[in-house]
Structures are given as C-alpha cells and as structure tokens.
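What follows is a set of notes on a single structure, which appears directly below.
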Amino acid sequence: MTNNCIKNPIEISAALHVWRTSNAITQQMIEYNTGVDQSQISRIFSGKFLRVTPSVLKICKYAKINLIKEGDVDPKTNSRIMDALEKTWDGTDRHAKLIAKVILALANHN
C-alpha cells in the first residue's frame, strides 16, 4: 500500500505503542489474538517495516487503529476506485447496493 493518505510506519508504531501500554497488552497476547509471529510484532512495534503488510493490518485491526491519516479523504479522488466503479457498475440502484455490500464485506474481512 503506497498512498499518502496512509499513516507511515513511525506513525503506526507510535499509535500501536500507545495502545499497547495504555491497555497493558503483551506481545504474546497480540500473537495469540492475531496469529502474527512475535518476531514480526516486535519489528512492527519498533517501526522496522517499510510497507503495510497483512501482519500490520491484522495488528492494527486488533488494536482498532485506523491507518488513514486524519482529515477528509475523498474516495472520489482515487482514480483506481473510480475506474473500477465505472467498469463494473451498470447504473442501477440495485447494482449500486450490491457493489456497496461487496466493498463493506471486504472492510469487515481484513
């Protein structure tokens, strides 16, 4: 994921550190609840990663940490999203509801 709306590794690891210390969560507890190896957890909490990997996503989801930077992020400015919608949406309200359902299912799946 390379996107200037996504928090960088330093911001992510800082947010995770605050969450972990304020909730008295151990790395072992994170490993148990996310399935992410403890060595990866240690690297992630140290900010020693270059991109948002599935392991980073799992930990952030578990910690309920939003990876999007604060501020107004308008999905209409993302050409990939808009291109995908143009290619798939048939213009009906029924189809719009189905596409929205798929997108929301993806958000809940990660």
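Nothing in this text is a laboratory measurement; each read-out follows from the coordinates by a stated rule. Quantities reported herein were computed from a predicted structural model and do not represent experimental measurements. Cβ coordinates were reconstructed from backbone atoms using ideal geometry, including for glycine residues, and neighbour counts include every protein chain displayed.
Computed values, structure above
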| item | result |
| --- | --- |
| Neighbourhood net charge (11 Å Cβ-Cβ; Lys/Arg +1, Asp/Glu -1) for residue 62 | +3 |
| Karplus-derived 3J(HN,Hα), 6.51/-1.76/1.60, for each residue of the range 86-98, Hz, glycine and proline x | 4, 7, 10, 6, 8, x, 8, 5, 4, 5, 4, 5, 5 |
| Computed [θ] at 222 nm, deg cm²/dmol, the chain (DSSP H ≥ 4; -39,500 (n - 2.57); rounded to nearest 500) | -18500 deg cm²/dmol |
| Using a Förster distance of 35 Å, the FRET efficiency for residue 14-residue 105 (Cβ separation, nearest 0.05) | 0.70 |
| Cross-link reach list, lysines versus residue 76, counting only Cα pairs under 26 Å and skipping chain neighbours closer than eight places | 7, 61, 64, 87, 97, 101 |
| Percent RCO, i.e. relative contact order, over the chain, from Cα pairs under 8 Å lying at least 6 residues apart | 29 percent |
| At most 16 other Cβ within 10 Å, DSSP loop - chymotrypsin sites (Phe, Trp or Tyr not before Pro), the range 10-64 | 49 |
| Cβ charges +1 (Lys, Arg) and -1 (Asp, Glu), total dipole of the range 18-107, debye | 220 debye |
| Relative contact order, percent, the range 9-63 [alpha-carbon distance under 8 Å, six or more residues apart] | 47 percent |
